[in-house]
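I have placed the structure first, in the form of structure tokens, so that the comments after it can refer back to it.
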Amino acid sequence: MEKQKKQLILMLLLLVLLVVGYVVLKRNNDLQDSSVTETAERLFDRFDSSMDSSQVTELSYYYDGELCSLIKEDETWITKEDQNLTLKQSTINTMVSSLVATTIVSELENVTDLSEYGLSEPVNIITIKVAGTEYVVNVGNSNELTSYLYMQMAGSDTVYVVSSGITNSFQYGMDDLVEAEETVE
């Protein structure tokens, strides 16, 4: 009887510890969830809170080592090199929208070793111009565990962890952006 009493008390203590552990973990998860939603903001809101993708007048980025440079004239995207080419406007607008809508998940301040994030030799360097102001974004590696991407604004020592489809959006070279010419028979 004495042995059963000890076992019952031990099991009750274990149950209380499990309940307390559950409550602590639940509370911690709720706090983390609320802090992420509070800090979720667009990357470019840090630098120009009034910016939207329609205001971007220039875009340049690298694709397979090739610099792709585009300018917008009268709401139409053209290349800097050959202004007579007809480009896929919706594809370019999607690229710009994807960049401007990039959302910060978290930030790493005062980063000294950029190579940890793929930013000492960026995967891509994207430049946009809005109202005469140029913004240069260094795109680093993707985190394999979270699928988040590391980005840094040129001249800043802050690395931003972002959730975005930028790597998918910028998979077009100049040849991919040119509208196919219709052949007349």
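Every number in this text was worked out from the coordinates using simple rules, so none of it is lab data. Everything numeric in this text was worked out from a predicted model, so none of it was measured. Neighbour counts are summed over all protein chains in view; Cβ atoms, including those assigned to glycine, are modelled from backbone coordinates with ideal geometry.
Estimated from the Cβ-Cβ distance and a Förster radius of 35 angstrom, the FRET efficiency linking residue 157 and residue 83 is about 0.35.
The C-alpha atoms of the chain define a longest principal axis, and helix 89-100 lies at about 40 degrees to it. Taking a Cβ cut-off of under 15 Å around residue 96, the surrounding Lys, Arg, Asp and Glu residues balance to a net charge of -2, with basic ones at +1 and acidic ones at -1. Separation of region 99-122 from region 125-185 is 13 Å, based on Cα centroids. Taking every lysine pair in the chain that is 8 or more places apart or spans two chains, those with Cα atoms closer than 20 Å amount to 6.
Restricting the calculation to Cα atoms, region 54-139 yields a radius of gyration followed by a Dmax of 14.6, 45 Å.
Any idea what angle helix 2-39 forms with the longest principal axis of the chain, computed on alpha-carbon atoms, 0 to 90 degrees, nearest 10? That helix lies at roughly 20 degrees to the long axis.
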